[in-house]
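Every number in this text was worked out from the coordinates using simple rules, so none of it is lab data. All values derive from a computational prediction rather than experimental measurement. Virtual Cβ from ideal backbone geometry, glycine too; neighbours counted across all protein chains shown.
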Amino acid sequence: MSACWRKNPVNCPGKAVFLIVLATIGFLAVGCGAAPEAGVMQVVPTLAETAVIPNTPLPTATLNPPPTPEIFPTATNTLTPTAVPTATPSPTATPLPTALPTPCPLPGGIEHGLFTSPIAGEQSYRIYLPPCYGQDDYVYPVLYMLAGNTYTDAIWDQVGLDEAAEAGIQSGAYPPIIIVMPYSGETALYSSGGPNSYETVILEDLTAHIETTYCASSDPQFRALGGLSRGGYWALEIAFRHPDAFRSVGGHSAALLDEYAKPDVNPQYTALSNDLGDLRIYLDIGDQDWVRANTLQLHADMAAAQIPHTWVLNEGHHEEAYWEAHTAEYLAWYTEPWSPDRSNYPLCNLP
């Protein structure tokens, strides 16, 4: 590889801890954990009131072939969510030209690193570097994928995101990209957004480290941000507040449950109150996911407001089997705007 780790360990600052009331979990289990009636998703207009995500896995879902994503806005503002979304072709999506197989015989792979943050201290991350990384002189588009609050930086690796990327890049289905998978840590769990929160850790500390350590693009048009569960909350929180910082954002089973998030940081409000510009938005969740209520509501509100976004309601639960089943779909969507022709990217100036 043409770049190497830069490790600057520091002592981790004090960690804020607040009491999480366990009784709230029981309230949620009754309020929004019940499965919808057959064929109809029940949209719940009120926000759930807990930031706790259980770490007990639910039974593995039996997944049918994924539904075709719906592209919004639609021709009407009237929305009736259903258990199986109606297939609607994208009015704007343009297929990428077929790419030639990667000419480099060396495979891509995962590496591990550390970065330091004045807010969060020393944090770990995993990074997928594609085939040919270090063998050419170009920068790469970069996808940042955030973990949930009961997971480490290993989660996207464990559900096969890097294997899906490797297969897609080698076949020419995706352009070569870098994927950064940071550990969320306590700052993500115990802050809700805005300055001096996990938003700053990702938007300033992590991106600066990656862009000065690897041939990773600093151009917002070649950066994307996504996350699962609590990481999905953070991806939407960051991108909706800073829509010019990324080309695309994805909330995968986003746990929109932070009762401390005020309207200026809560994605359920900032999606509607902020000018999101040309930000591409992807929302997906399982029809049996226990945190589905607020994501369904966010989708309904965005559709009614004619805010463009891609919406997919799959079969499944809030579990690793769900995310593993959809990694290829996520990558196809994130990489859609990026050219497979390496010569279209600027040169990397790292030593």
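Want the number for Glu204 to Asp244: 0.36 nm per residue separation, take away the alpha-carbon distance, what's left? All intermediate terms of the calculation are to be shown ahead of the outcome.
On the way: separation 40, 0.36 × 40 = 14.40 nm, distance 1.38 nm.
Taking Glu204 through Asp244 to full extension adds about 13.0 nm, to one decimal.
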Task: Separation of the Asp341 and Leu106 label points, Cα + 7 Å toward Cβ, nm - done: 2.6 nm
- [ ] Assign unit charges at the C-beta atoms only (+1 for Lys and Arg, -1 for Asp and Glu), then state the dipole size of the range 142-216 relative to its Cα centre in Debye, rounded to the nearest 20.
- [x] 120 debye
Open item on the list: At 7 Å along Cα-to-Cβ for each site, give me the label-to-label distance between Gln221 and Asp278 in nm.
Closed with: 0.7 nm
- [ ] Once you have the Cα-Cα distance between Asn196 and Ser124, take 0.36 nm times their residue separation minus that, and quote the gain in nm to one decimal.
- [x] 24.0 nm
